[in-house]
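Below is one structure, written out as structure tokens; the observations come after it.
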Amino acid sequence: MAVLLDPGSKPTCIYPFDEIIYTPSTCRTCKTLKPARSKHCSVCNRCVQLFDHHCVWLNNDVGHYTYRYFLTFLLSKVWTFTYGAILCWKALSTTPRMFWHTVTKSNSANKISGALFLLCILLLPLVAIFLAEHVRYIYLGVTTNETAKWDYIRYLFENRLLYRVDTENGCRYVIANETGYTTLGGTQVDVCEPKLVHSWNDLQNIYDKGFNSNLVERIFPKAL
Ligand SMILES: [Zn+2]
Ligand SMILES: [Zn+2]
């Protein structure tokens, strides 16, 4: 499912633009409106909703419809490697001290069990860390793609370059430069009474609705 399903390329706006990491824009390749939280994948040549990343192992995008299968895939790998390691260890019926001796100085069945045991033990932390990272992203209400965008926002406010402008229709954010202010998209603008953004407390991630809601949203994606 993670490999074969369409990750969600219909350009329906399901998330509002937060005017921080997403502002309304058009995809230069598809020539269609880029919905908030979407990104054009240059490998697959399409815009993908809730784009997380292009996965080379799955040869598909992890996005709106495929994220839940990607998570299940990681979870199944953690389970498979744990189960495999236990099974091979039991098949070897050895002790940690005698492990190398049992594997190298005995029959081919033990050699295979030993090799599989090592494979499981080496790959388990990799997939477990990867899964933990994604659980953290769900907790934070971000995608892998958005972490880079938030890193840029952090760079801006740490260098006292990001300002908030309150308007009748809510607030928007601008970047200070030598000649004045530009929008986050790079357009020069005139603003009145910009307020310096000091920390995360002055910003809000509108896509973060709490861990449980974020998880439910990922597991039961809305129809596009
Ligand atoms: Zn792709
Ligand atoms: Zn596109």
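The values are calculated or read from the model by the stated rules, or taken from the named source; none is laboratory data. Keep in mind that this is a model prediction, so the values were computed, not measured. With ideal geometry, Cβ positions are generated from the backbone for all residues, glycine too; neighbour counts draw on all protein chains shown.
Every residue, every condition in (1) closer than 26 Å to Gly170 by Cα; (2) in contact with a Ser or Thr (Cβ under 8 Å, 6 or more places away or on another chain); (3) among the β-branched types (Val, Ile, Thr), yes or no:
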residue: Lys34; (1), (2), (3): yes, yes, no
residue: Asn59; (1), (2), (3): no, no, no
residue: Lys77; (1), (2), (3): no, no, no
residue: Gly84; (1), (2), (3): no, no, no
residue: Pro96; (1), (2), (3): no, no, no
residue: Val103; (1), (2), (3): no, yes, yes
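When you look at His64, is it within 14 Å of ligand 2 (Cβ to nearest atom) and in contact (Cβ under 8 Å) with a residue 12 or more places away in the chain, yes or no?
no
Of these, His64, His40, which one is surrounded by 12 or more Cβ atoms within 10 Å (Cβ to Cβ), within 16 Å of ligand 1 (Cβ to nearest atom) and part of a strand (DSSP E or B)?
After applying the criteria, what remains is His40.
A quick yes/no check of all residues on (1) acidic (Asp, Glu); (2) surrounded by 12 or more Cβ atoms within 10 Å (Cβ to Cβ); (3) on the phi > 0 side of the Ramachandran plot; (4) in contact with a strand residue (DSSP E or B) (Cβ under 8 Å, 6 or more places away or on another chain):
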site	(1), (2), (3), (4)
Phe81	no, yes, no, no
Ser106	no, yes, no, no
Ala109	no, no, no, no
Gly141	no, yes, yes, no
Cys171	no, yes, no, yes
Tyr181	no, yes, no, yes
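Within the group Val56, Val43, which residue is within 13 Å of ligand 2 (Cβ to nearest atom), at negative phi and among the β-branched types (Val, Ile, Thr)? Give the steps one after another, and end with the answer.
Values: Val56 fails: within 13 Å of ligand 2 (Cβ to nearest atom).
Within the list Val56, Val43, the selection yields Val43.
Of all residues in segment 16-32, which are more than 16 Å from ligand 1 (Cβ to nearest atom) and either surrounded by fewer than 15 Cβ atoms within 10 Å (Cβ to Cβ) or assigned by TED's automatic domain parsing to the domain that holds Asn205 (or both)?
Pro16, Pro24, Ser25, Thr26, Arg28, Lys31, Thr32
Name the single residue that is surrounded by the most Cβ atoms within 10 Å (Cβ to Cβ) among those in segment 47-61 being within 12 Å of the chain's Cα centre (by Cα) and assigned to a loop (DSSP other than H, G, I, E, B).
Looking at residues that are within 12 Å of the chain's Cα centre (by Cα) and assigned to a loop (DSSP other than H, G, I, E, B), I get Leu50.
Cβ-Cβ under 9 Å, sequence separation 6+ or interchain: first residue in segment 25-40 and under 17 Å from Thr187 (Cβ atoms), partner in a loop (DSSP other than H, G, I, E, B). Which pairs?
As it stands, the answer is Ser25/Gly185; Thr26/Thr32; Lys34/Pro11; Lys34/Tyr22; Lys34/Pro24; Lys34/Cys27, since those pairs meet every condition given.
Among the residues of segment 170-208, what is the count of those that are closer than 22 Å to Lys34 by Cβ and of a type outside the set (Ser, Thr, Tyr)?
Looking only at segment 170-208, we keep the residues that are closer than 22 Å to Lys34 by Cβ, and these are 170-175, 182-189, 203-208.
Imposing the further condition that a residue be of a type outside the set (Ser, Thr, Tyr) reduces the set to 170-172, 174-175, 184-186, 188-189, 203-206, 208.
Result for segment 170-208: 15.
Among the listed residues Asn214, Asn201, which satisfies the condition of being surrounded by 12 or more Cβ atoms within 10 Å (Cβ to Cβ), among the polar types (S, T, N, Q) and under 27 Å from the mean Cα position of the chain (by Cα)?
Only one candidate passes the filter, namely Asn214.
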